[in-house]
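Presented below is the structure to which this report refers.
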Amino acid sequence: MKFADEYRDARLVHALAARIAGEADPAGSYHFMEFCGGHTHAISRYGIEDLLPGSLRLIHGPGCPVCVLPVGRIDAAIRLAERPGVTLCTYGDVMRVPGSRGTSLLRAKAAGADVRMIYSTLDALAIAEAEPGREVVLFAIGFETTTPPTALAIRRAAQKGLANFTVFCNHVLTPAAIQNILDSPELRHLGRVRIDGFIGPAHVSTVIGTEPYSFFAEEFEKPVVVAGFEPLDVLQAVLMLVRQVNEGRHEVENQYGRAVRRDGNRQAKVEVAEIFELRKSFEWRGLGLVPYSGLRLKETYAAFDAERRFDVECVSAPDNPACECGAILRGVKRPADCKLFGTVCTPETPMGSCMVSAEGACAAHWTYGRFRDRARKAS
Amino acid sequence: MSGDDPVLRSGKVDFGGVAKEINLSYVPEARVGDHVLVHVGFALTVIDEAEAARVFASLQEIAGLDAARAEAER
Ligand code: SF4
């Protein structure tokens, strides 16, 4: 595929890796967090960590949309789906995210709840139109990339005066989560995580642009390089970060200029601002309550807000105590540190959210990384 | 491409051989033949081909220089 295949060119990948090894100070150490789940997946899939010098470490961040959904919101969605007359629509991965006590939307569906998998928010809208007797609820999740599609569905429902369509909104914001990590005691006081720079998200940045990262670059003196998803994209971003660290710079740079503009996507931003507003705080799996990090529907669109129509109660519930997703999402632990990894917990039987989606750190490590660990031990 | 209503503007996007109908509301500048980046059924941005070519050329330059150096050291 164009703009993908050439960015996987093995000769260039190795040349770039050699260049990084040449420029990284062997006595130094470079810890870069890739915020976005798409990068986590790409890094595992192409074995990028194996190409990097020993002084350089990539830390997975909390940018996998399914992984950060807290148990309490999943439980609330399950209770919604179990109401008579309700049809709950959501993206495929969400259905397998564990709620409390081993529940999930998929299990609820097997037990008779009307849960349907959609590809696009407009599918949910079409179901609402086709089945006026059902209360169709879109269980909307994700970062800035999935918010505009939800916004468009709501505006469309308003235009059509659809009375049986509502949205259970769980959209969250990337910059708020990055700030939370940079402010976390693990980073600031305990010294358990070190971050020297960020690989900025690809798709999210197509919407929000590169501007929102300037704050971190300045305030926390951390370089940010927005990067695409192909191996050459990631490696080039790593090289750019190494250079910034070597030169003592902390700027926002854009490796993914072919898709990301400084101001992002204006149409999408305007649409989102028209329909959503900030919540005072929102719970994330792993991060806890993060101030001003989630969105809800504005009063003007209250008629389409499932939380208002159904009085949804979201009670915060603990994660499976053996699951380390929380620490993994904060960059403190790695998947292999979890006792359940690969034994009790696999993508077929996920015990935690990080094992559900291909973008989750545990699932990515299960699919691509575990053989590499074994090979490394054996060699 | 179809739809006069900007909200419903959509188009066929070819994903390496598989064509899918994709919503184009957020890329009013997209024209037939453009490459777009798609997420959950919505195009989010039009790929800037000149910028893609520029970055790719700089990558090749890095690779070329390193290859030349390796050659010289031999
Ligand atoms: S392996 Fe499973 S249980 Fe362990 S941290 Fe990952 S998702 Fe949680």
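Each reported figure results from applying straightforward, stated rules to the coordinates on display, with no laboratory input. Computed from a predicted model, the values in this text were never measured in an experiment. Note that we place each Cβ from the backbone using ideal geometry, even for glycine, and neighbour counts take in every protein chain shown.
Below are the figures for this structure:
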item	result
Rg over Rh [alpha-carbon atoms, Kirkwood Rh] for the stretch B:10-72	1.23
As computed over the stretch A:246-318, the Cα convex hull volume per residue (Å³)	167
Residue-wise HN-Hα coupling along the stretch A:84-101, computed from phi with Karplus coefficients 6.51, -1.76, 1.60 (Hz; x: Gly, Pro)	x, x, 8, 10, 9, 10, 7, 5, x, 4, 4, 5, 9, 5, x, x, 7, 6
Cα convex hull of the stretch A:225-363, projected area averaged across orientations, nm²	12.2
By average C-beta atoms within 10 angstrom, highest first, the peptides B:42-49, A:7-14	B:42-49, A:7-14
Lysine pairs within the protein assembly as shown, Cα separation less than 22 Å, 8 or more sequence positions apart or different chains	10
Compactness index (Cα Rg / 2.2 N^0.38 Å), the stretch A:128-185	1.49
Net dipole in debye of the protein assembly as shown [+1 Lys, Arg Cβ; -1 Asp, Glu Cβ; about Cα centre; nearest 20]	1120
Reference-scaled alpha-carbon Rg (2.2 N^0.38 Å with N residues) for the stretch A:159-295	1.19
Burial ranking of peptide ranges A:288-295, A:141-148 (average Cβ count within 10 Å, highest at the top)	A:141-148, A:288-295
Averaged over A:115-124, number of beta-carbon atoms from partner chains that fall within 10 Å	3
Radius, Kirkwood style, for the stretch A:1-122 when every pair of distinct Cα atoms is counted (Å)	17.8
Shielding by partners - mean other protein chain Cβ count within 10 Å, residues of A:149-159	2
Amide H contacts of A:Glu251 (H built 1.01 Å from N, under 5 Å, at least 5 apart or other chain)	A:Val224
J(HN,Hα) series, the stretch A:313-318, from Karplus relation 6.51 cos²θ - 1.76 cosθ + 1.60, nearest Hz, glycine and proline x	9, 10, 9, 5, 10, x
Residue mean of other protein chain beta carbons inside 10 Å, B:30-36	1
Under-5 Å amide H pairs with A:Ile59, H placed in peptide plane, nonlocal only	A:Phe32, A:Met33, A:Glu34
Over the stretch A:315-355, equivalent-ellipsoid semi-axes from the Cα gyration tensor in Å	16, 14, 8
For B:His35, residues with placed amide H under 5 Å, excluding near neighbours	B:Ile47
CD proxy at 222 nm, helix term only [per DSSP H run n ≥ 4: -39500 (n - 2.57); per residue of chain A; nearest 500]	-10500 deg cm²/dmol
Calculated from backbone phi, Karplus (6.51, -1.76, 1.60) coupling profile of the stretch A:231-247 in Hz, x at Gly/Pro	x, 5, 4, 4, 5, 5, 4, 4, 4, 5, 5, 4, 5, 4, 5, 4, 8
Directionally averaged shadow of the protein assembly as shown, computed from the convex hull of its alpha-carbon atoms, nm²	22.7
Cα centroid of the stretch A:298-352 to Cα centroid of the stretch A:72-137, whole Å	16
Principal axes of the stretch A:236-280: Cα extent on each, largest first, Å	43, 30, 13
The stretch A:93-220 - Rg (one decimal) and Dmax (whole number), Cα, Å	19.0, 56
